[in-house]
Structure formats: C-alpha cells, structure tokens
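The values are calculated or read from the model by the stated rules, or taken from the named source; none is laboratory data. Just so we're clear, the structure is a prediction, and the values are computed from it rather than from any experiment. Glycine gets a Cβ as well: all are built from the backbone with ideal geometry, and neighbour counts include every protein chain shown.
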Amino acid sequence: MPHARISPRLLAALLALAAGSAAAQGTPASPDIKRQQPQINKIVAEVSPKRIEAYVAKLVGFGTRHTMSETESDTRGIGAARRWIKSELERCGAGTALQVAFDSHVAPVSARISRPTEIVNVVATLPGTQDAAKDRLYVVSGHYDSRVSDVMNYTADAPGANDDASGTAAVMELACVMAKYKFDATLVFMTVAAEEQGLLGARHWAEQARKNNLNVAGMFTNDIIGSSTADNGKVDNKQVRLFSQSVPATREMSDAVRQLVATGGDSDSLSRQLARHTKEQGERYVKGFKVSVIHRSDRYLRGGDHMPFLEQGYAALRFTEPAEDFSHQHQDLRTENGKVYGDLIKFNDYDYIAKVARVNGAALASLALAPAAPQGVKLRTDKLTNDSTLVWQANPEPDVAGYRIVWRETTASFWQGAKWVGNVQEATLDMSKDNVFFGVQAVDKDGNVSVATYPMPQR
Ligand SMILES: [Zn+2]
C-alpha cells in the first residue's frame, strides 16, 4: 500500500492538536515558590534594633507628643516631633525614590478635641516600578502622638515610648531600609497623629483614599509593639499578635458580605486572607518568631488606626505585643507603693521591636513583589457535582507565570493543601466544594505568590 501523503493543512491541524493536548496533559512547571527571595532576606537582615532605639529615644525626647501640644518649639511638642520625623525620612530616603510629605487637615472641636487643631500625618511613599502594579498600595503605619491618664492633658510629659513611639520607629526604620529596593507595587509608610483623640489622622487619610478610589490592597498598623514583658513580669519575645477582622460590621450588609456569610466564608474576608499571607511570609523570613493571628478586629475596649481603613472596606490588620502591661500605657508618670506607672523608654525591648518590624518588612516586601490577588474568582455551582471547578480573570501583571489553588478544611484557619494549575483561568479539582474552603493565588516567574482570593458562587 502506497504511503499516504498528508496535506500541509492537515499536518498543521494535527500539530496544533498535539500541542494543545500536550499543554492539557503537562502543565508547565511551577516557578519555585519555596525559594526565599534574596531581596526580602536582605531587608529583614538590615532592620536594626539600634536605630529603632535611637528613633524611640528621640521621639520621647520631645516631652509630649499630644495632638494639641505646642507646635512652635523645635524641642518640645508634636510640631517638633513631626518636623523631625519628616526630616529624618527625607535624610534617609535621599538618593532613593522615597517621597516624603505632610498630610494635614484641621479637626473641628469634638469629644477629644477642645479647639480646632491641625492634624498632620507624615507620609513617605515608595512608588511601585511595574506599570500594572504601581496603582496597588500597601500601607504600614504607627501613631506618633502620645497621651497620659487624662486624654485632654496636652502639657504633661507623655513619653509614649511603647504607645506608640515603638510603632512609629518601626515604620521609620522600614521606610529607610526598604527605600533602597524596588517593588512592583507601591509602599506607603505612614506615621499618623491624633490616634489617641479618636483615630483622626488615619481616618482622614483612609477617607481621602476611598474618595480618590485608591487601591489599598492591604494595611498594617503597628501599635504597642515595644515590650516583651507582660504585666505579671513574664517575658515572651517569641511572638506578636496580629488582629484580623472577619466580616465588616456594617449595619447594611453589602452583597459581597452577604455572599461571604452565606457560603460560610466569614473567615475568608480580605483582612483574613491578608492575615494568612502575613503570617506565612513573616514566619518564613523571621525564624523562630510566631505571628499569632487573632480572629477579631482589636482587643476589647480598644481600637487603632486600622479601623478607619476597615470602615472604608480595605483589608487592615493590627500588630501588638503578646501581653500588654496596662500600667505602662496612657498613664501619668508616677510611682505608687513602689510601682512605676508610665510609658517609659526603659520598658521597651529593642530586639523585640526589630523582630516585629522584620515581620512587617517581610510581609510588605512579599506583597509588593507579588501579583495582586486574582479578581473575578468564582466557584461553579450550576450543577450538583462532587468535584470543584474554579474560574477567574487573568491578572494584569506581565510577569505572572500562572495560578495556584489552595484549600483547607472548613474548621481549619490556615491553608492545608495547594495545587499549581499553570497559566489558565479555569481548573477542576477532584475535591468537594462542600467540604473545603478554596482560594486562588497568582504566582509570578520569580515564585512570588499573591494573597489568595475567596471564590464567590457562580450559578
Ligand atoms: Zn496606641
């Protein structure tokens, strides 16, 4: 039998079919997501307890940083403090892309403001370098204002060494260290005022962000990260608490929130996904240090600068030391029956603050190097089946290599399994959607993994 000749058209069709089936069978290999990013290791190593200690000492040296304290002096009061923070950030950011500015507004008289007062945040922005990612922002904050027992007392010495010179110093150190590096997304290092007077500085920035449609993909506040000694004297310098809100407590539930709750996803809110990512990356780069995720927005009776961001629908978390000593917070400086009250510099542990700053740095760097969390993630629920099909939109970043599906049992808090599915927008897993929670992550060519997105049901 003579050998059959294949026409060029048929050959082309057969080759295309073969290529298609090869891609279907053999997904291109995953980038190495276990690889530690050298840039993140450098950042973590460069964070210096010595510099953090010097920043705290300088801040305490302004006597009081009460929001209504004087602003004329160059040595005392909140005006001197913010001018110093700004000049220090400008000095250490010189020669880098870091942009330092005041963000100011006048607060009218209110419960904790007795005369119209200028509230000034110091904001240092490190613009992202990737076109598709530079409009995605990650914010890290600490508050530089301080107080004593009477929240309206703006003249007494209020060192605020822990609450919150510790967080302010950590943010300054992170800005100075990270400004020397490049990130795809934009980082915003913020020291805010008037936290103690009702979160006014952070609220102003968060409201402006929402008004200007800014894409704040994550926010951390560092508030009271200074001490590793509890009120009973026990030292625990091996962990930090990370407070993470679930479903936003709004009176009128949005459609998104209602769907989240209806599918059991109340622990898969934006803030919870950010907390999972932060714990994973923080513990990966800062060895022997635990990020203890707490499933509530803050401690009882307390609040912080993450809350105005939560109010605006952004993902926001709070870092705080493991066990606080309340006799060292919001107190008039005094000694009673041999017990020392006050937020004094001697109660801080600078190696501890540095560890918390490193966790922040590792998480921020990994967020700003990685793609955004995938959008439009849906779980097909049009038919009753025991497998699970997920679909999602392609990410905009040019360096995305593909996607990864993660899952956990419904009673578990952190991801337990993962599957690399390649550069596709749909995948079916032989697992029942009824029994697990899924998430979809984008992975770039260097192995940087995004925060996971919870799928909404698609009927
Ligand atoms: Zn505070």
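Would you confirm whether any residue within region 306-319 is among the small types (Gly, Ala, Ser) and farther than 27 Å from Glu252 by Cβ? Give the derivation first.
So the first thing to find is which residues in region 306-319 are among the small types (Gly, Ala, Ser), and the list is 313, 315-316.
Now restrict to residues that are farther than 27 Å from Glu252 by Cβ: none.
No, region 306-319 contains no residue that is among the small types (Gly, Ala, Ser) and farther than 27 Å from Glu252 by Cβ.
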Fill in: Residue check, Arg334 modelled with pLDDT of 95 or more, closer than 17 Å to Met190 by Cα and either small (Gly, Ala, Ser) or not assigned by TED's automatic domain parsing to the domain that holds Asp430 (or both)
no
Worksheet, complete the sentence: Reported set for region 125-149 where residues are within 16 Å of the ligand (Cβ to nearest atom) and of a type outside the set (Ser, Thr, Tyr) is Val140, Gly142, His143, Asp145, Arg147, Val148
Discussion item. Report every pair of residues separated by at least 6 positions or lying on different chains whose Cβ atoms are under 8 Å apart, first residue within region 432-452 and under 21 Å from Thr278 (Cα atoms) and not assigned by TED's automatic domain parsing to the domain that holds Ala365, second of a type in the set (S, T, N, Q) and surrounded by fewer than 17 Cβ atoms within 10 Å (Cβ to Cβ).
Written reply: Phe437/Thr410
Fill in: Test result for Gly376, under 21 Å from Tyr314 (Cα atoms) and in contact (Cβ under 8 Å) with a residue 12 or more places away in the chain
yes
Discussion item. I'd like to verify a number: residues in region 270-300 that are touching a residue at least 60 places away in the same chain (Cβ under 8 Å), closer than 24 Å to Asn435 by Cβ and of a type in the set (Gly, Ala, Ser), how many?
Written reply: 0
Item to complete: Output the number of the condition that Leu187 fails; it satisfies all remaining conditions of (1) over 28 Å from Arg91 (Cα atoms); (2) in contact with a Ser or Thr (Cβ under 9 Å, 6 or more places away or on another chain).
Response: (1)
Discussion item. If I go through region 214-261 residue by residue, how many of them are away from the ligand (no atom under 16 Å from the Cβ) and either at pLDDT below 90 or of a type in the set (S, T, N, Q) (or both)?
Written reply: 24
Worksheet entry | Single unsatisfied condition, Arg284 versus (1) within 30 Å of Ala132 (Cβ to Cβ); (2) crowded, with 21+ Cβ neighbours inside 10 Å | (2)
Worksheet item: Is there a residue in region 358-371 that is of a type in the set (Lys, Arg), in the same structural domain as Asp266 (by TED's automatic domain parsing), out of contact with any Leu (no Cβ under 6 Å at 6 or more places or on another chain) and surrounded by fewer than 17 Cβ atoms within 10 Å (Cβ to Cβ)?
Response: no
Response to the item:
Of Ala315, Ala323, the only residue that is in contact (Cβ under 8 Å) with a residue 40 or more places away in the chain and surrounded by 20 or more Cβ atoms within 10 Å (Cβ to Cβ) is Ala315
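Say we look at region 184-197 and pick out the residues that are touching a strand residue (DSSP E or B) at 6+ places or on another chain (Cβ under 7 Å) and part of a loop (DSSP other than H, G, I, E, B); which of these is farthest from the ligand (Cβ to nearest atom)?
So, considering only residues that are touching a strand residue (DSSP E or B) at 6+ places or on another chain (Cβ under 7 Å) and part of a loop (DSSP other than H, G, I, E, B), the one farthest from the ligand (Cβ to nearest atom) is Ala185.
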Discussion item. Considering only residues that are in a loop (DSSP other than H, G, I, E, B), crowded, with 22+ Cβ neighbours inside 10 Å and polar (S, T, N, Q), which ones fall in region 219-274?
Written reply: Ser227, Ser228, Gln245, Ser269
Response to the item:
Here the residues within region 317-363 that are over 26 Å from Lys287 (Cβ atoms) and touching a strand residue (DSSP E or B) at 6+ places or on another chain (Cβ under 6 Å) are Ser327, Gln331, Arg334, Tyr341
